[in-house]
Structures are given as structure tokens and as C-alpha cells.
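Engineer: This structure is in C-alpha cells; I'll ask about it shortly.
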Amino acid sequence: MTSNLAVNADRIAADIEALAAITEPDRPWARRAFTPMFLKGRAYVEKIFREAGLETHIDAAGNMTGRRRGTVEGKGTIMLGSHTDTVPNGGRFDGIAGVIAGLEVARSLKDAGIALEHDLEIVDFLAEEVSIFGVSCIGSRGMTGVRPPEWLERSTDGVTLADGIRQVGGDPDTVFTRTDIKAFLELHIEQGTVLERENVDIGIVGAITGISRFEILVEGRADHAGTTPMNARYDALGAASIIVLGIEEIARELASGKSYFAGTVGEFSMEPNAANVIPSHVRMLIDARAVDDAVMDEFVASVTALCAQTASERSVTIADPRRVSHAAPTPMSDMVTGVLAESAQRIGATSRPMVSGAGHDAAFLSKVAPAAMIFIASKDGRSHAAEEWSDNDDIALGAAVLYEAVLALDKQ
């Protein structure tokens with residue numbers, strides 16, 4: 001199918017390969033934001049943007065943009081983009097595929113001699129992944145006016161986030177909100193197995209999950225592991241183990257319903273962490289994701305009841321789950337998802353509606369413009385790992401969907 005597309009699959013493959021090769025030598029595919037390797041990658045992106053005839057600019061939030069001006073001044077901007085930073089030991093396609101696919105749309109329009117009425121912008125958003133400053137989606141939050149001002153003082157090794165934004169060419173003292181964006185589209189690898197298992201080409205993302213994190217503390221009593229009878233123990237770890245398995249069971253039950261849900265105990269520590277001492281303290285952090293707040297509320301109620309029951313049965317103290325962070329679920333634009341579905345059908349690609357279980361820059365762009373995403377398949381669902389892989393034909397097909405969608409949106 002890729003031989004008949006308006007986009008050039010070979011150019012996409014070459015740029016992804018070249019950008020992915022800019023990596024920490026001892027950590028394949030690592031190019032974290034605010035590092036020298038990231039700046040080297042940014043230099044490559046700027047080069048290929050300019051070679052495509054785009055006007056390049058780094059905005060105050062540290063995002064790199066490439067603009068192709070439209071024929072009607074003031075009509076607004078159709079924006080495509082993603083990110084080129086990675087997690088440590090990350091992947092070759094997460095974020096990168098979306099930036100290069102957007103660039104290929106601009107190049108293919110130029111090749112075809114097509115002039116849009118709207119401006120077209122391709123954006124490499126700054127620090128979509130959790131950065132060295134412990135926060136994520138820094139650039140897209142900045143572009144949409146929702147970056148918390150106190151974030152600028154976050155520091156690591158004596159360098160603040162404000163310093164980091166300046167180092168990439170931004171201006172942290174300038175606060176702004178883009179109001180000219182008529183639509184935002186983001187292509188991303190799925191980072192899951194749905195498309196691969198169902199042999200579907202394109203996922204049309206209708207919502208980005210909300211993410212809440214909850215802390216649970218279990219307090220028992222430290223005693224000698226050899227001399228304390230088994231029926232006279234207040235083992236915090238034993239109680240915590242019941243809670244971890246219970247959370248998994250609750251999450252699986254909720255996930256089997258009609259609405260998306262996922263729950264994970266991803267952070268866990270215990271004290272005193274000695275082989276010959278009964279654990280006295282356990283801290284765990286739950287990552288819970290839902291697109292329906294009522295489902296999240298049901299999860300919290302079930303986990304709270306589980307904690308109370310376990311505390312009673314195991315004679316330990318367990319506080320109710322404490323919500324330490326929350327990002328609300330984000331619906332995508334029905335108008336834009338409709339255009340994407342029609343565009344996929346027009347080029348003969350199969351598609352299905354999906355929910356994104358991960359956060360993305362599109363969640364913040366949706367605050368200022370109609371926004372939506374498309375997913376393309378990930379081999380074995382692997383992502384945030386060196387083994388991450390998406391076939392270039394799938395990326396090119398996704399880029400072709402973007403191309404068709406841009407043409408359709410330009411006429412609206």
C-alpha cells in the first residue's frame with residue numbers, strides 16, 4: 001500500500017534512523033531533554049525542517065517549530081507534532097515518529113505543489129517525557145499557558161528548569177497561550193498490542209486517560225525474624241502483599257467493564273529491609289488510569305475498603321489511600337477524530353476507535369484547539385525500551401492519513 005501513498009516512506013525511514021542514531025553511546029536510543037545529546041538531535045531536526053523549506057523558530061516554552069505559511073493571512077494554523085526526547089534507554093520511535101511524519105506531510109505537500117490556506121506548523125515539543133527535573137510535557141504545557149510557574153524553580157545539580165529552558169533557546173520569563181491553532185494532530189506509536197493483535201492499521205484516539213497516583217502506608221512492628229512466633233507478628237510486608245494483589249484484582253475487574261481502566265503498584269519500599277527483621281513499614285505508590293472519573297472513584301472506594309479489611313485481619317495500621325497527583329482525562333475533538341477516520345478510509349486503511357492509556361502533548365493542545373491523535377502499531381507492544389519497534393510502512397501509512405486530514409481540515 002505504501003507505494004501508492006502521497007508521502008515518501010523512504011524519507012521517513014532515513015530521518016528516523018538518522019535521528020535515532022543520535023544517542024548516548026552506552027545507552028541505545030537515549031536522548032533525554034536538556035542534555036547535550038538532545039541539543040544535537042534538535043540541531044538535526046532544525047536542519048531537516050529547513051531543508052523542507054520550513055521557517056524554524058524556538059518559542060518561549062522551548063518548542064522547536066517549522067512553519068509553512070498559508071495563502072490566507074490570519075486564517076490560523078493547522079499543527080502537527082510530537083517530541084524527540086526519550087526516556088533513559090528509550091526507543092527509536094516514541095515521539096520521533098510523530099515529528100518525522102508531520103515533517104513528511106509538509107514535504108509531500110511541497111512536492112505536490114499544494115498550497116494550503118492555513119499555516120502549517122510541525123512542532124517538536126520540549127520534554128514530553130519525564131525530564132531530569134521530574135516533570136513532563138513541559139513544552140506543550142508552556143505553549144498552552146498551563147505550565148505551573150513554580151516548576152521553573154525545580155532544580156537538579158544546581159540547574160533550574162528555567163535555566164534548562166534558556167539553554168534550549170526558550171524564554172521562561174515569557175508566558176503565552178497560542179490562540180491561532182485551528183486543529184492539532186499527533187501521530188504516535190501505540191505502545192500497546194491492540195492494533196497488532198487485531199491487525200488494524202490505524203487507531204483513532206478519542207480520549208487520553210486521566211492519571212492519578214495514590215500513596216498507601218502500612219505500619220507494623222519490627223521484631224526479630226527468628227525469635228518472634230509466627231502467630232505474634234505485625235508484619236507490614238505481609239499485609240502490603242495482600243493489598244498489592246488485591247489492587248491487581250480490583251483493576252482487572254474494572255478493566256473488564258465498558259470503560260478503560262488500568263492500575264499498577266509501580267513504586268514500593270519497605271523498612272528496615274533487613275533479612276533478620278520483620279518489616280515494620282511499607283510505602284507503595286499506585287498509578288491508576290481511567291477516562292471516566294466515576295470509574296476512578298469506584299477504584300478508590302474499593303482500595304480503601306481493602307486497606308481497612310487488611311488492617312483488621314493483619315493487626316497493622318493502614319491509612320486510607322492518599323491521592324498525591326491527578327491529571328484529568330482528556331476527550332479529543334469529535335470533529336478531528338471524524339476527519340481522521342474519513343482520511344483513513346479514503347486511502348484504504350483500516351481503523352478503530354481507541355483510548356490512550358499514556359499521557360501525550362495532545363492532551364494539553366486540546367485545551368486551546370480541537371485536537372486528536374492517531375496510533376500506529378508497536379511490535380509486541382514494546383515501548384520505553386531499547387527493543388521498541390514500529391514498521392516503517394505503518395508509520396508511512398499513518399503519515400498518509402495525516403496528509404489527507406490536513407487537506408480536509410484546510411477546506412473547513
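The values are calculated or read from the model by the stated rules, or taken from the named source; none is laboratory data. Model, not experiment: these values are computed from the prediction. Because the Cβ atoms are built from the backbone with ideal geometry, glycine has one as well, and the counts that use them run over all protein chains shown. Quick note on the areas: whole protein, heavy atoms, side chains included, nothing else; ligands and nucleic acids left out. Shrake-Rupley method; radii C 1.70, N 1.55, O 1.52, S 1.80 Å.
Engineer: Filter the range 143-166 down to the residues that are assigned to a helix (DSSP H, G or I), out of contact with any Gly (no Cβ under 7 Å at 6 or more places or on another chain) and touching a residue at least 60 places away in the same chain (Cβ under 8 Å) and list them by number.
Structural biologist: Residues of the range 143-166 that are assigned to a helix (DSSP H, G or I), as a first pass: 143, 149-153, 161-166.
Keeping just the survivors that are out of contact with any Gly (no Cβ under 7 Å at 6 or more places or on another chain) gives 143, 149-153, 161-164, 166.
Correct list: 143, 164.
Engineer: Determine if the range 23-33 includes at least one residue that is in contact (Cβ under 8 Å) with a residue 40 or more places away in the chain, surrounded by fewer than 23 Cβ atoms within 10 Å (Cβ to Cβ), out of contact with any helix residue (DSSP H, G or I) (no Cβ under 8 Å at 6 or more places or on another chain) and not aliphatic (A, V, I, L, M).
Structural biologist: yes
Engineer: Just name the residue that is surrounded by the most Cβ atoms within 10 Å (Cβ to Cβ) out of those in the range 375-412 that are among the polar types (S, T, N, Q) and either within 20 Å of residue 120 (Cβ to Cβ) or under 17 Å from the mean Cα position of the chain (by Cα) (or both). Spell out how you get there, then give the answer.
Structural biologist: The first filter runs over the range 375-412 and keeps only residues among the polar types (S, T, N, Q), leaving 378, 383, 390, 392, 412.
Subsequent filtering for residues that are either within 20 Å of residue 120 (Cβ to Cβ) or under 17 Å from the mean Cα position of the chain (by Cα) (or both) retains 378, 383, 390, 412.
Values: 378: 25, 383: 22, 390: 28, 412: 11.
The extreme case among them is 390.
Engineer: Is it true that some residue in the range 319-331 is open to solvent by 30 Å² or more (accessible area, probe 1.4 Å), more than 21 Å from residue 5 (Cβ to Cβ) and free of Cβ contacts under 8 Å to residues at least 60 places away in the same chain?
Structural biologist: Checked the range 319-331: at least one residue is open to solvent by 30 Å² or more (accessible area, probe 1.4 Å), more than 21 Å from residue 5 (Cβ to Cβ) and free of Cβ contacts under 8 Å to residues at least 60 places away in the same chain.
Engineer: Just checking, which of 252, 322, 346, 352 is closer than 26 Å to residue 221 by Cα and either at pLDDT 95 or above or aliphatic (A, V, I, L, M) (or both)? I'd like the intermediate steps shown before the answer.
Structural biologist: Working: 252 fails: closer than 26 Å to residue 221 by Cα; 346 fails: closer than 26 Å to residue 221 by Cα; 352 fails: closer than 26 Å to residue 221 by Cα.
Only one candidate passes the filter, namely 322.
Engineer: Within the range 238-268, track down each residue that is part of a helix (DSSP H, G or I), touching a helix residue (DSSP H, G or I) at 6+ places or on another chain (Cβ under 8 Å), surrounded by 19 or more Cβ atoms within 10 Å (Cβ to Cβ) and not β-branched (Val, Ile, Thr).
Structural biologist: 239, 251, 254
Engineer: I need a count of the residues in the range 142-165 that are of a type in the set (Lys, Arg) and under 24 Å from residue 80 (Cα atoms).
Structural biologist: Total satisfying the criteria: 1.
Engineer: Taking the criterion of being assigned to a strand (DSSP E or B), within 29 Å of residue 290 (Cβ to Cβ) and open to solvent by 50 Å² or more (accessible area, probe 1.4 Å), would at least one residue in the range 170-188 satisfy it?
Structural biologist: We begin by selecting, within the range 170-188, every residue assigned to a strand (DSSP E or B); these are 181-188.
Applying the additional criterion that residues be within 29 Å of residue 290 (Cβ to Cβ) yields 181, 183-188.
This time we only want the ones that are open to solvent by 50 Å² or more (accessible area, probe 1.4 Å), so: none.
No, the conditions are met nowhere in the range 170-188.
Engineer: A follow-up question, please. Which condition number in (1) aliphatic (A, V, I, L, M); (2) open to solvent by less than 10 Å² (accessible area, probe 1.4 Å); (3) at pLDDT 95 or above is the one that residue 20 fails?
Structural biologist: (3)
Engineer: On to the next question. For the range 90-108, does any single residue satisfy the condition of being open to solvent by 10 Å² or more (accessible area, probe 1.4 Å), in a helix (DSSP H, G or I), closer than 17 Å to residue 410 by Cβ and not β-branched (Val, Ile, Thr)?
Structural biologist: Yes.
Engineer: Please go through the range 275-293 and give me each residue that is open to solvent by less than 40 Å² (accessible area, probe 1.4 Å) and within 21 Å of residue 234 (Cα to Cα), ordered by number.
Structural biologist: 278, 279, 280, 281, 282, 284
Engineer: Being β-branched (Val, Ile, Thr) and at pLDDT below 95 is the filter; apply it to the range 122-145 and report the residue that is nearest to the chain's Cα centre (by Cα). I'd like the intermediate steps shown before the answer.
Structural biologist: We begin by selecting, within the range 122-145, every residue β-branched (Val, Ile, Thr); these are 122-123, 130, 132, 135, 138, 144.
If we keep only those that are at pLDDT below 95 as well, we get 130, 132, 135.
On the way: 130: 9, 132: 16, 135: 12 Å.
Only one residue tops the list, namely 130.
Engineer: (1) modelled with pLDDT under 95; (2) part of a helix (DSSP H, G or I): which one isn't true of residue 25, the others all being true?
Structural biologist: Failing condition for residue 25: (2).
Engineer: Right, another one. In the range 294-311, what count of residues is obtained for those that are farther than 24 Å from residue 358 by Cβ and open to solvent by less than 90 Å² (accessible area, probe 1.4 Å)?
Structural biologist: In the first step, residues of the range 294-311 are kept if they are farther than 24 Å from residue 358 by Cβ; the result is 301, 304-311.
Pick out the ones that are also open to solvent by less than 90 Å² (accessible area, probe 1.4 Å) and you get 301, 304-308, 310-311.
Matching residues across the range 294-311 total 8.
Engineer: From (1) on the phi < 0 side of the Ramachandran plot; (2) surrounded by 17 or more Cβ atoms within 10 Å (Cβ to Cβ); (3) under 21 Å from the mean Cα position of the chain (by Cα); (4) not hydrophobic (A, V, I, L, M, F, W, C), pick out the condition that doesn't hold for residue 148.
Structural biologist: For residue 148, the failing item is (2).
Engineer: Being within 22 Å of residue 360 (Cα to Cα), among the hydrophobic types (A, V, I, L, M, F, W, C) and assigned to a loop (DSSP other than H, G, I, E, B) narrows it down to one of 127, 115, 207, so name that one.
Structural biologist: Testing whether each residue is within 22 Å of residue 360 (Cα to Cα), among the hydrophobic types (A, V, I, L, M, F, W, C) and assigned to a loop (DSSP other than H, G, I, E, B) leaves just 127.
Engineer: Please tell me if residue 46 is farther than 22 Å from residue 375 by Cα, open to solvent by 10 Å² or more (accessible area, probe 1.4 Å), among the charged types (D, E, K, R) and more than 18 Å from the chain's Cα centre (by Cα).
Structural biologist: yes
Engineer: Specify the residue that is nearest to residue 373 (Cα to Cα); the eligible residues are those in the range 189-200 that are open to solvent by less than 70 Å² (accessible area, probe 1.4 Å) and in a loop (DSSP other than H, G, I, E, B). Explain how you work it out, then say what you get.
Structural biologist: As a first pass, look at the range 189-200 and keep what is open to solvent by less than 70 Å² (accessible area, probe 1.4 Å): 189-195, 200.
From what is left, the residues that are in a loop (DSSP other than H, G, I, E, B) are 190-193, 200.
Numbers: 190: 10, 191: 13, 192: 15, 193: 17, 200: 16 Å.
Ranking the candidates gives 190 first.
Engineer: While we're here: Could you run through the range 332-368 and say how many residues are surrounded by 21 or more Cβ atoms within 10 Å (Cβ to Cβ), of a type in the set (D, E, K, R) and closer than 18 Å to residue 260 by Cα?
Structural biologist: Selection size over the range 332-368: 0.
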